Amino acid sequence: MPSTTTYKRGQVVVVNVPFSNQAGSKPRPALIVSTGMFHRNLLDVIVCPISSQPRYYQRPGSGDHPLKHWKAVGLQYPSTVRISNILAVEKKIIKRVLSALHHDDLVRVEDGLREAFGL
């Protein structure tokens, strides 16, 4: 049965993000990129993990979008949305909602999504 909790595109949530080698997971911030209409009747939402690794913030690669307003979201360190690591996660493993991403940062991520998917 789908979750009754409503999540919105642009919200930053804390979720257990799996390690790339699938050996476990760790609570990490992630940006919800699917729309409420899309994931309303699904068990999952589509997210992009957010990394505080300095290499992604200082030298962003293709698919990396450093956040200008990371403090306003409640993040402790300069952080980067990693479009290259997009994934679907079950709503039930979302631990909490931190905040909504600043509009300017969300626009940049949406532009990156369009570029990544050729939309």
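No other residue among Arg114, Arg55 is within 21 Å of Phe19 (Cα to Cα), free of Cβ contacts under 8 Å to residues at least 12 places away in the same chain and assigned to a helix (DSSP H, G or I) apart from Arg55.
Quick one: which of Lys95, Lys68, Lys26 is in contact (Cβ under 8 Å) with a residue 12 or more places away in the chain, of a type outside the set (Gly, Ala, Ser), assigned to a strand (DSSP E or B) and exposed (fewer than 14 other Cβ atoms within 10 Å of the Cβ)?
From the options Lys95, Lys68, Lys26, the qualifying one is Lys95.
Among the residues making up the range 1-25, those that are at pLDDT 90 or above and touching a Pro at 6+ places or on another chain (Cβ under 6 Å) are Val12, Val14. The residues of the range 26-47 that are modelled with pLDDT of 90 or more and among the small types (Gly, Ala, Ser), listed by number, are Ala30, Ser34.
Within the range 76-84, can one find any residue that is at positive phi and under 15 Å from the mean Cα position of the chain (by Cα)? Checked against the condition, which is being at positive phi and under 15 Å from the mean Cα position of the chain (by Cα), the range 76-84 yields no hits at all.
I'd like to check something: does the range 75-87 contain any residue that is touching a residue at least 60 places away in the same chain (Cβ under 8 Å) and not in a helix (DSSP H, G or I)? Yes. Which numbered condition in (1) crowded, with 18+ Cβ neighbours inside 10 Å; (2) more than 23 Å from Lys26 (Cα to Cα) is the only one that Arg59 fails? It is condition (1) that Arg59 fails.
The values are calculated or read from the model by the stated rules, or taken from the named source; none is laboratory data. Only a predicted model underlies this, so the values are computations on that prediction, with no experimental measurement involved. Positions of Cβ are generated from backbone atoms using ideal geometry, with glycine treated the same way; all protein chains shown enter the neighbour counts.
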